[in-house]
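Before any comments, here is the structure.
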Amino acid sequence: MHRRSSNNAQRTFSIVSLGCPKNLVDSERMLGLLNLEGYQMLPRPEGADFVIVNTCGFLRAARAESLETIREMIRLKRQGQLRAVIVAGCLAQRDKEALLEQCPGIDQLVGVFGRDEIVKAADRLFGQLDEQRTLFRPASTRALSDADRLRLTPRHLAYLKIAEGCDRLCTFCSIPSIRGRHVSKPVAQVVAEAEQLAGDGARELIVVAQDTTSYGIDLDGEPGLARLLARLEQVQGIEWIRLMYLYPMHFTEPLVEVLASSRKIVPYLDLPLQHINDRILRRMNRRVTRAQTERLLDLLRQRVAGLVLRTTFITGFPGETEDEFAELVEFVRSRRFERVGVFAYSREPDTPADRLPGHLPEKVKQHRRDRLMEVQQPIAFAWNQAQVGRQLDVILDRDIPGQENALVGRSYADAPEIDGVVYVTGDGLSPGQIVPCEIVAARGYDMIAAAVGPPR
Ligand code: SF4
């Protein structure tokens, strides 16, 4: 264990964490490292010595949000409410020194692979080290540890990052150029982190990576997710394990068997498909066909009882014809996914798709996005409606201010932030508990429930 440096005891910082859960894990790791060195975390940037903006650089909209946040922090600095601004994460990694020119008020720039030296960047602010303003490291060939995190999620919920980077090269995606090649964390390292999170109060573990189903291929030459999950199943204190960012490949028989028979892995799978028309799947370089996708969906529906499938689609990909879009609409109508996210294609510089012919007007892309959501919404609502009268366990996330015995939680069918919630009434309940509930009503994407048994 690091010694707490008394020098830093008075030094305070705050953080704004943007982007996906994998970036959130990076934020929590940086907080943990600063905390171990005695830096004090404040809930808000105002009044802190420095703020870390952990940025997202994946899509144009995300970059705009990151830049706006950086500029806001620089404004606070100019107003004397803050001493310094550290910018970390994907936008820093993607744009590097160009970001310093774009936002001269930035004091330190820390790349994705320099994350574990965040203390060095902080120490520089206090003149303890060199004058440099950047901290970039080459992509790591071994997975960085995410131990000793200071968590930003509710205590009972934790994201577990099992790998970094991606080898897939989908033509619309810039993540491999930012986060590097796929690197899996050794099983023992993942299990140790899971045990630490359980020891710190986590009851729901949400397994994340860029490409979760490729876990272990770089370690043992074959898919290893099934073996890892069997080990995670043994971790004491963990009640629910939720799987996100599964690529529609490498669903080996052992993996399907683990999903079907597990007591802790909730029957909820996040399986981004992006499209279903074969020509578009090829232009996206997804390396799966419609037939393979349909066989996989049939297999999962058949083998995993009560399965809730979440997926995402992109509309308006370069060259997508009305007929190809109509095929996607029909696929969504017939396959009845319980949870769906739809994104209008975002043209990303330096991606192969950007150089493809046949880019569609923004209006058309958005219009197709809305049409697909119009088809999907009643399907999602109908699934929730069908739960009325059923008994489901609900994990309680937070109290509802000003309301006695009323909390907000989620069923197994709801991932945090991206799906609906369950409003629960019952006596003597508190966040972090898992309580058997009867679903008494559905309200669109959300459900209403009453506790019907003792929480655990
Ligand atoms: S699987 Fe495709 S979309 Fe996902 S991170 Fe990798 S390249 Fe990007």
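Taking all Cα pairs closer than 8 Å and separated by 6 or more residues, the relative contact order of region 271-422 comes to 20 percent. Taking Cα centre as origin and charging only the Cβ of basic (Lys, Arg, +1) and acidic (Asp, Glu, -1) residues, the dipole magnitude of region 214-351 rounds to 320 debye.
A straight line joining the Cα centroids of region 215-247 and region 333-399 runs 26 Å.
If you average the C-alpha positions of region 9-60 and of region 400-456 separately, how far apart do those two centres end up, in angstrom? The distance from the Cα centre of region 9-60 to that of region 400-456 comes to 30 Å. Under a 5 Å amide H cut-off, with hydrogens placed 1.01 Å from N, Met447 pairs with Val421, Val422, Tyr423 among residues at least 5 apart or on other chains.
Ordering Leu144, Leu169, Gln189 by the projection of their Cα atoms onto the charge dipole of region 88-202, which places +1 on the Cβ of Lys and Arg and -1 on the Cβ of Asp and Glu, puts Leu169 at the extreme positive end.
According to the calculation over all Cα-Cα pairs in region 1-157, the P(r) per 5 Å bin from zero is 2, 10, 20, 24, 23, 14, 6, 2, 0 %. Computed in the context of the full set of protein chains, the accessible area of the chain at 1.4 Å probe radius has 51% of its extent on carbon or sulfur. Hydrophobic, long helices, defined as DSSP H runs whose alpha-carbon span along the helix axis is 24 Å or greater and whose mean Kyte-Doolittle value is at least -1.0, occur in the chain at 60-78.
Taking each residue as 0.36 nm, the span from Ala188 to Asp370 lengthens on full extension beyond its C-alpha to C-alpha distance by 61.1 nm. In the chain, Cα pairs under 8 Å separated by at least six residues give a relative contact order of 9 percent.
DSSP beta bridges confined to the chain are antiparallel in about 35 percent of cases.
When the helices of the chain are scored as -39500 (n - 2.57) per DSSP H run of n ≥ 4 and the total is divided over every residue, the value at 222 nm lands at -10000 deg cm²/dmol. For the chain, lysine pairs separated by 8 or more sequence positions, or belonging to different chains, with Cα-Cα distances below 23 Å total 11. Our coupling estimate for region 91-105, obtained by passing each phi through the Karplus curve with A = 6.51, B = -1.76, C = 1.60 and θ = phi - 60°, is 5, 4, 5, 6, 9, 6, 4, 4, 5, 5, 5, 5, 10, x, x Hz, Gly and Pro reported as x.
Dividing the alpha-carbon Rg of region 341-456 by 2.2 N^0.38 Å yields what?
1.45
Rounded to the nearest 20 debye, the dipole magnitude of region 2-144 is 160 debye, with +1 charges on Lys and Arg beta carbons, -1 on Asp and Glu beta carbons, and the Cα centre as origin. Given +1 at the Cβ of Lys and Arg, -1 at the Cβ of Asp and Glu and no other charges, the dipole of the chain around its Cα centre is 400 debye to the nearest 20.
A 1.4 Å probe run over region 205-296, with the rest of the protein chains in place, finds 37 Å² accessible per residue. Applying a 4.7 Å cutoff between beta carbons, the unpaired cysteines of the chain are Cys20, Cys56, Cys90, Cys103, Cys166, Cys437.
Counting only protein heavy atoms and a 1.4 Å probe, region 102-144 has 45 square angstrom of accessible area per residue.
In order along region 399-413, the phi-based Karplus estimate (6.51 cos²θ - 1.76 cosθ + 1.60, θ = phi - 60°) of 3J(HN,Hα) comes to 6, 9, x, x, 10, 5, 6, 9, 9, 10, x, 9, 8, 4, 8 Hz; Gly and Pro are listed as x. Taken along its three principal axes, the alpha carbon spread of the chain comes to 62, 60, 46 Å, from the longest extent down to the shortest. Taking all protein chains into account, the per residue accessible area for region 306-456 stands at 44 Å² (1.4 Å probe).
Considering only Leu281, Met249, Ser262, and ranking their Cα positions along the charge dipole of region 227-284 that arises from unit charges at the beta-carbon of Lys, Arg, Asp and Glu, the one farthest toward the positive end is Leu281.
The values are calculated or read from the model by the stated rules, or taken from the named source; none is laboratory data. A quick note: this is a predicted structure, and the numbers were derived from the prediction, not measured. When we count neighbours, we look across all protein chains shown, and the Cβ atoms used for this are built from the backbone with ideal geometry, even at glycine. The area values use the complete protein model at the heavy-atom level, side chains included, leaving out ligands, DNA and RNA. Shrake-Rupley method; radii C 1.70, N 1.55, O 1.52, S 1.80 Å.
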